[in-house]
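Worksheet: the structure to be examined is printed underneath.
The values are calculated or read from the model by the stated rules, or taken from the named source; none is laboratory data. Computed from a prediction, not measured in an experiment: that's the story for all the values here. A quick note on method: Cβ atoms are made from the backbone with ideal geometry, for glycine too, and the neighbour counts reach across all protein chains shown.
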Amino acid sequence: MRSRWRRNLQLRLIFLTFVISASVLSIVGVLLVNQVAVGLLDAKQQSALTESTAARLEVQRLLDASDVGLVAPNNTRLVDSVITALAVRAGSPGIYDALFLSDPGLAGVPERGTKLISESSIPLDLRSAIRERNRQAWSYSNLIYEGGITTPGLVVGSPVSIPRVGAYELYLLFPLDNEQRTIELVKQRVAATGIILLVSLMVLAWFITARVTDPVREAAEIAAEIAAGNLDRRMKVKGEDDIARLAGSFNEMATSLQSQIMRLESLSQIQQQFVSDVSHELRTPLTTVRMASEMIYNARADFDPDMARSAELLRNQVDRFDLLLSDLLEMSKIDAGASPLDSAPVDLSIITQMILLDNNEIAAEHSTQFKFVSSDDATVTADKRRVSRIIRNLIVNAIEHCDGTDVEVEIAGNETCVSVSVRDHGRGIANEDVSRVFGRFWRADPARQRTLGGTGLGLSISAEDAALHGGIIDVWGAPNQGAQFVLTLPRMELGEISSAAILAGAP
């Protein structure tokens, strides 16, 4: 899933659209529900205060009228008449419930309420505010009825006075269950609308991103096929929009690349054929020159010193020319893909020891010695001739550049590969030159005189031979610290290498 997330642009765009859309819709939904709730409660509060004021005036007139006669009315009947009047005013079903409560300082006076509403529905701080300020006050509270039934509501209290009795408090309790149901309905509708909009936006985002990412994905697939060698693949061009122009430009680029590659392949084939033909054609005159140089070299004792030295130089240069032709023929075979492997089990330790033994005399001429360390199992399936050539090139190259220091040769293996390390402590290689050591005819120091007659193709051929086996040659170098070349070959023919047994440059 993590890899799919990193590689799928359409998935990331759709997810980003989902997050942003869900956030925006959630914020808008919360604001909308809050606005509806505030509007409903404000309207309810305004109507409740208006109704409470009118009811208080009516109750007070009723109480004042009861004191007109010569005989004081019965308090219980008076309170009952007030509650009855409020019940009639509230209608059926009642828009509010009422409580007619006496001041706590009055004892033994009647109190009444409608619909078995509980006195605990009234907050204590609201009662205190009415007594202290002697004016209308209101508060939100839970309305509690007999039997434990509760509902949210708005409580509006007003002070009234019963003549010859004292102060009373009139409370009208307005249920808010209708408003609550309305708010819940609005929440449900807003949520449903938000989900529909979110799904619609996801579908729209998928459609839009597909219009952009599908051509890009197609271009990537076609580019991969072109890179793999299928140069005839092209994108489909539909319409005249930006995507169509991109597809057209891509096809033009592919066509141009195809023509350039075909031209370069033709030139490369001509070059390879030229090198191969020249190398073969030079073999015959070179053989004649070699025979003549050998005769002159063998008769050098009869010459004067200058002529004898010239005979030696002639023989050395003919040998070098012969080696150069051999390397050129080998490179032409590699370029043409005509380098089959003759694989068999090979012990790299034995091969390396034989090569070191063959080069002991050359090492002595350069005032250097070999230090050899090998693991027990150094067997790989490889072409013995090519592997021997790689190791010989690396060892001879180290002797050439060791400047009289020791050449360290180490062989180590693991489950998947065997590594052969050749380390010298000479002038080394500059950091910017490390990536060019396997270039054809490249030399780190062109002014440095060769002592072993190299052609400049040895490391290039070695790198190609290693690649044919599925291996690699790693290199490390630093100025005045020497250089290290590490050949790593898989144990099985063209097998996988999990990790090299020896790392170039490791302490």
Legend entry - Test: Ile122 is in contact with a Gly (Cβ under 9 Å, 6 or more places away or on another chain), farther than 30 Å from Val28 by Cα and surrounded by 13 or more Cβ atoms within 10 Å (Cβ to Cβ): yes
Legend entry - Pairs, first loosely packed, with under 15 Cβ neighbours inside 10 Å in segment 236-248, second β-branched (Val, Ile, Thr) and part of a loop (DSSP other than H, G, I, E, B), C-beta under 6 Å, six or more apart: Gly248/Val237
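For every residue, the table says whether it meets (1) modelled with pLDDT of 90 or more; (2) of a type in the set (Val, Ile, Thr); (3) outside the structural domain of Gly471 (by TED's automatic domain parsing); (4) farther than 30 Å from Leu489 by Cα.
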{"residue": "Asn298", "(1), (2), (3), (4)": "no, no, yes, yes"}
{"residue": "Leu313", "(1), (2), (3), (4)": "no, no, yes, yes"}
{"residue": "Gln317", "(1), (2), (3), (4)": "no, no, yes, yes"}
{"residue": "Arg320", "(1), (2), (3), (4)": "no, no, yes, no"}
{"residue": "Asp327", "(1), (2), (3), (4)": "no, no, yes, no"}
{"residue": "Glu365", "(1), (2), (3), (4)": "no, no, no, yes"}
{"residue": "Leu394", "(1), (2), (3), (4)": "yes, no, no, no"}
Inset, instruction - Tell me, yes or no, whether segment 81-90 has at least one residue that is in contact with a Ser or Thr (Cβ under 7 Å, 6 or more places away or on another chain), surrounded by 17 or more Cβ atoms within 10 Å (Cβ to Cβ) and charged (D, E, K, R). - result: no
Legend entry - Matching option when the condition is crowded, with 16+ Cβ neighbours inside 10 Å, assigned to a helix (DSSP H, G or I) and in contact with a Pro (Cβ under 6 Å, 6 or more places away or on another chain), among Ile226, Ile130, Ile222: Ile130
Legend entry - Test: Leu31 is surrounded by fewer than 17 Cβ atoms within 10 Å (Cβ to Cβ) and in a helix (DSSP H, G or I): yes
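Among the residues of segment 115-131, are any more than 24 Å from Ser47 (Cα to Cα) and more than 60 Å from the chain's Cα centre (by Cα)?
Step one: filter segment 115-131 for residues more than 24 Å from Ser47 (Cα to Cα), giving none.
Looking for residues that are more than 24 Å from Ser47 (Cα to Cα) and more than 60 Å from the chain's Cα centre (by Cα), one finds none in segment 115-131, hence no.
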Inset, instruction - Could you grab me the full set of residues in segment 102-124 that are touching a residue at least 40 places away in the same chain (Cβ under 8 Å), of a type in the set (Gly, Ala, Ser) and not in a loop (DSSP other than H, G, I, E, B)? - result: Ser102, Ser121
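Any idea which of Ala43, Ala22 is modelled with pLDDT of 90 or more, in a helix (DSSP H, G or I), more than 30 Å from Gln136 (Cβ to Cβ) and aliphatic (A, V, I, L, M)?
Only one candidate passes the filter, namely Ala22.
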